[in-house]
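Contents: one structure, followed by commentary.
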């Protein structure tokens, strides 16, 4: 399956969650067996020889992708969640939203010092969440070997924010506009 085929499996919902936004819904991609398999294979491919020791997935769709990629790379999975959702002691990182600030967290023992970690999420827009996740991983001493996303919205320059932290990014699909 080609990148173009994967793009066709993503549903676009106009004016969600607010007027003017084109929401890129990958649940339709997840629901297509061949598409989902191809997506996971393509996201994991650049990291097959990278000796990744853990995949960190950002809540919630990053959990679906990250678990499958961790299985493919034969490594562990680490959840990065919204504030207050993790049961053990966690550290948090603020990130900016359009109308305020939010926090994501990781268990303070989620990764080991020097552990080679791949960050995964479904989409990178402004890059705020991914940037916060990289900062969390680095605070715990992780070696973030890359960040993989199904969708990039290049006009919002989110990849630039992540790559400015020294993390090389891999994406499968681009959509122009929000």
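Quick note: the coordinates plus some simple rules give every number you see, no bench work behind them. Just so it is clear, the model here is predicted, and its values are computed rather than measured. Please note: Cβ atoms are built from the backbone with ideal geometry, for glycine as well, and neighbour counts cover all protein chains shown.
The table below lists the values:
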| quantity | calculated |
| --- | --- |
| Top-ranked residue of segment 70-98 - restricted to ones that are part of a helix (DSSP H, G or I) and touching a strand residue (DSSP E or B) at 6+ places or on another chain (Cβ under 7 Å), ranked as surrounded by the fewest Cβ atoms within 10 Å (Cβ to Cβ) | 73 |
| Subset tally (residues that are buried (at least 22 other Cβ atoms within 10 Å of the Cβ), touching a strand residue (DSSP E or B) at 6+ places or on another chain (Cβ under 6 Å) and more than 11 Å from residue 133 (Cα to Cα)) for segment 56-69 | 4 |
| Some residue of segment 20-40 being closer than 20 Å to residue 148 by Cβ, touching a residue at least 40 places away in the same chain (Cβ under 8 Å) and outside any helix (DSSP H, G or I) | yes |
| Test: residue in segment 110-123 that is over 17 Å from the mean Cα position of the chain (by Cα) and under 16 Å from residue 58 (Cβ atoms) | no |
| Residues of segment 150-178 satisfying the condition of being in contact (Cβ under 8 Å) with a residue 60 or more places away in the chain and assigned to a strand (DSSP E or B) | 150, 151, 170, 172, 173 |
| Test: residue 101 is part of a loop (DSSP other than H, G, I, E, B), on the phi < 0 side of the Ramachandran plot and over 16 Å from the mean Cα position of the chain (by Cα) | no |
| Count of residues meeting criterion [crowded, with 16+ Cβ neighbours inside 10 Å and closer than 14 Å to residue 68 by Cα] in segment 32-51 | 9 |
